[in-house]
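K.L.:
Sending over a structure as structure tokens; questions will come in a sec.
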Amino acid sequence: MPPPSRLHPPTPRTRACAHTRLPTSRRANRGAAMQQPTTPVSGRAGAEPEPFTPRGTPRLRRRDSSAPSTPSARGGVGRRRPTTFREDVGHAAAETYLVSRLAFILLRSLGVGYRWISQLIALLVYAMLLMPGFIRVGYYYFFSTQVLRSVVYGDQPRNRLDLYIPRDRSKSCPVVAFVTGGAWIIGYKAWGALLGRRLAERGIMVACIDYRNFPQGTISDMVGDASEGISFICESIASYGGDPNQIYLMGQSAGAHISACALLEQAVKEAKGEEIYWSVTQIKAYFGLSGGYNMQNLIDHFHERGLYRSIFLSIMEGKRSLAQFSPEIVTKKLSPEQIALLPQIVLFHGTGDYSIPSSARFD
């Protein structure tokens, strides 16, 4: 079947705090062409809204992955097999073991210096003070029937995501694809549990995407994992009760940087006519929370904060790759055609943020 003609998305609007400026131009000729209906991803005729298919974009290739794209293995949304207390405890133990093992691998790779030990102690003290809140969120994460943990979206290690599903499943709901932060080293999907819970209470489904951290992977691996997770969500979220026509992308801290890189990389590929697995036009808006978007300007800051220059450059695959993985620099080099594909972009950054200063926003 020949590809459908182009459907131009609505003109994007860019909002950002503290004089943030991003290119927001769209093509002037906005045709009012009707959208070509396609078969729902879930395969249930009449049960789910039809997924969005952009017009005029390169042919979308279906993901060739052994990962299941529907929740049938879990009994479907709302029909999950009840888990026993032993199974839940076993899952919690497995998650704890994974995080601990990766922490030891990280320490062995970094070397244990005085600054790292002092910061680790400070982090443990801080975690103990917040323990009552952690216990409540942890109980919800491990035992709530609204949480689908570790849904497989790809073949690489840690290609998993958590789904936070609203109680009202009578209609399709908007979806937020969330990439958590963690200095590219300690990111983990469970860090989005509180956000997932709060948005699910308001009728919004949240998919927290996990990805390989350093030293398990470098920045290109992280961006690739995030893109693979977004592809899975665009293709399969209708099977879980999400609306494929209302998908929003969000990232926090390092996750904001990774998700922005994935979005821009996809826009470049799409404009060049390369084969893709998801379209930028399937994303309604992008929200960046406390992100860093110019890696060249952050080397010294991270070094002073304890993320040493040699480690940071290893994460970013060398000094020559900093421009490639700096969304601010990439955005300024985009062609009008590539910019026209981008969704609405909204950036948030607190002026009291010291991990990534608010001055690291887009200029």
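K.L.:
State whether one or more residues within region 224-242 are touching a residue at least 40 places away in the same chain (Cβ under 8 Å), closer than 13 Å to THR180 by Cα, touching a Lys or Arg at 6+ places or on another chain (Cβ under 7 Å) and of a type outside the set (Lys, Arg).
P.N.:
For region 224-242, residues touching a residue at least 40 places away in the same chain (Cβ under 8 Å), closer than 13 Å to THR180 by Cα, touching a Lys or Arg at 6+ places or on another chain (Cβ under 7 Å) and of a type outside the set (Lys, Arg): present.
K.L.:
Here's something else I'd like to know. Within region 203-226, is even one residue open to solvent by 10 Å² or more (accessible area, probe 1.4 Å), under 14 Å from LEU161 (Cβ atoms) and of a type outside the set (Asp, Glu)? If you could, list the steps in order and put the result at the bottom.
P.N.:
Narrowing region 203-226 to residues open to solvent by 10 Å² or more (accessible area, probe 1.4 Å): 203-204, 212, 214-216, 218, 220-221, 224.
Within this subset, residues satisfying the condition of being under 14 Å from LEU161 (Cβ atoms) are 212.
Still in the running and of a type outside the set (Asp, Glu): 212.
Checking region 203-226: at least one residue is open to solvent by 10 Å² or more (accessible area, probe 1.4 Å), under 14 Å from LEU161 (Cβ atoms) and of a type outside the set (Asp, Glu).
K.L.:
Under 7 Å between Cβ atoms, at least 6 apart or on separate chains: pull out the pairs that start in region 317-328 with a residue that is open to solvent by 20 Å² or more (accessible area, probe 1.4 Å) and end on any residue that is not in a loop (DSSP other than H, G, I, E, B).
P.N.:
Sorted first by the residue in region 317-328, then by its partner, the pairs are GLU317/ILE219; GLU317/SER220; LYS319/LEU313; ALA323/GLN296; ALA323/ILE329.
K.L.:
So, of the residues in region 283-316 that are over 23 Å from the mean Cα position of the chain (by Cα) and in a loop (DSSP other than H, G, I, E, B), which turns out to be modelled with the highest pLDDT?
P.N.:
The selected residue is TYR308.
K.L.:
Among the residues of region 264-276, is any touching a helix residue (DSSP H, G or I) at 6+ places or on another chain (Cβ under 8 Å), free of Cβ contacts under 8 Å to residues at least 40 places away in the same chain and under 25 Å from TYR153 (Cα atoms)?
P.N.:
Within region 264-276 (the criterion being touching a helix residue (DSSP H, G or I) at 6+ places or on another chain (Cβ under 8 Å), free of Cβ contacts under 8 Å to residues at least 40 places away in the same chain and under 25 Å from TYR153 (Cα atoms)), the answer is yes, since at least one residue qualifies.
K.L.:
Moving on to the next point. Can you pull out the residues in region 322-363 that are within 18 Å of the chain's Cα centre (by Cα) and either basic (Lys, Arg) or within 14 Å of MET295 (Cα to Cα) (or both)? Even if it seems obvious, please write down each step before you answer.
P.N.:
We begin by selecting, within region 322-363, every residue within 18 Å of the chain's Cα centre (by Cα); these are 325-327, 342-349.
Those that are within 18 Å of the chain's Cα centre (by Cα) and either basic (Lys, Arg) or within 14 Å of MET295 (Cα to Cα) (or both): PHE325, SER326, PRO327.
K.L.:
Check off (1) in contact with a Leu (Cβ under 8 Å, 6 or more places away or on another chain); (2) open to solvent by less than 10 Å² (accessible area, probe 1.4 Å); (3) at pLDDT below 95 for GLY251 and give me the number that stays unchecked.
P.N.:
Tallying (1) in contact with a Leu (Cβ under 8 Å, 6 or more places away or on another chain); (2) open to solvent by less than 10 Å² (accessible area, probe 1.4 Å); (3) at pLDDT below 95, GLY251 fails exactly one: (3).
K.L.:
So, one more: Would you check if there is a residue in region 339-361 being farther than 18 Å from MET222 by Cα, of a type in the set (Asp, Glu), in a loop (DSSP other than H, G, I, E, B) and open to solvent by 10 Å² or more (accessible area, probe 1.4 Å)?
P.N.:
To start, the set of residues in region 339-361 that are farther than 18 Å from MET222 by Cα comprises 339-361.
Applying the additional criterion that residues be of a type in the set (Asp, Glu) yields 353.
Remaining after also requiring in a loop (DSSP other than H, G, I, E, B): 353.
Subset that is open to solvent by 10 Å² or more (accessible area, probe 1.4 Å): 353.
Within region 339-361 (the criterion being farther than 18 Å from MET222 by Cα, of a type in the set (Asp, Glu), in a loop (DSSP other than H, G, I, E, B) and open to solvent by 10 Å² or more (accessible area, probe 1.4 Å)), the answer is yes, since at least one residue qualifies.
K.L.:
Still on this model: Please work out which one of (1) open to solvent by less than 60 Å² (accessible area, probe 1.4 Å); (2) in contact with a Pro (Cβ under 9 Å, 6 or more places away or on another chain) is the condition LYS284 fails and give its number.
P.N.:
The single condition LYS284 does not satisfy is (1).
K.L.:
Another one. Given the residues ARG305, ARG309, which is the only one that is touching a His at 6+ places or on another chain (Cβ under 7 Å), among the basic types (Lys, Arg) and open to solvent by 40 Å² or more (accessible area, probe 1.4 Å)?
P.N.:
On the way: ARG305 fails: touching a His at 6+ places or on another chain (Cβ under 7 Å).
Just a single option satisfies the conditions, and that option is ARG309.
K.L.:
Go through region 132-165 and give me each residue that's open to solvent by 80 Å² or more (accessible area, probe 1.4 Å) and farther than 22 Å from TYR211 by Cβ.
P.N.:
PRO132, PHE134, ILE135, ARG136, TYR139, THR145 - these are the residues of region 132-165 that are open to solvent by 80 Å² or more (accessible area, probe 1.4 Å) and farther than 22 Å from TYR211 by Cβ.
K.L.:
Out of curiosity, is SER100 of a type in the set (Ser, Thr, Tyr) and either in a helix (DSSP H, G or I) or modelled with pLDDT under 80 (or both)? Reasoning before the result, please.
P.N.:
Numbers: of a type in the set (Ser, Thr, Tyr): yes; either in a helix (DSSP H, G or I) or modelled with pLDDT under 80 (or both): yes.
Spelling it out, SER100 is indeed of a type in the set (Ser, Thr, Tyr) and either in a helix (DSSP H, G or I) or modelled with pLDDT under 80 (or both).
K.L.:
Something else now. So, GLY181, is that one part of a loop (DSSP other than H, G, I, E, B), touching a Phe, Trp or Tyr at 6+ places or on another chain (Cβ under 9 Å) and touching a residue at least 12 places away in the same chain (Cβ under 8 Å) or not?
P.N.:
Numbers: part of a loop (DSSP other than H, G, I, E, B): yes; touching a Phe, Trp or Tyr at 6+ places or on another chain (Cβ under 9 Å): yes; touching a residue at least 12 places away in the same chain (Cβ under 8 Å): yes.
Yes.
K.L.:
Sticking with this structure for a sec: With the checklist (1) at pLDDT below 95; (2) closer than 26 Å to MET205 by Cβ; (3) out of contact with any helix residue (DSSP H, G or I) (no Cβ under 6 Å at 6 or more places or on another chain) in hand, flag the one item PRO336 doesn't pass.
P.N.:
Among (1) at pLDDT below 95; (2) closer than 26 Å to MET205 by Cβ; (3) out of contact with any helix residue (DSSP H, G or I) (no Cβ under 6 Å at 6 or more places or on another chain), PRO336 violates only (2).
The values are calculated or read from the model by the stated rules, or taken from the named source; none is laboratory data. As the structure is a prediction and not an experimental result, all values here were calculated from the model. In this analysis, Cβ positions are derived from the backbone assuming ideal geometry, glycine residues included, and neighbour counts consider all displayed protein chains. What goes into the accessible areas is simple: the full protein's heavy atoms, side chains included, and nothing from ligands, DNA or RNA. Shrake-Rupley method; radii C 1.70, N 1.55, O 1.52, S 1.80 Å.
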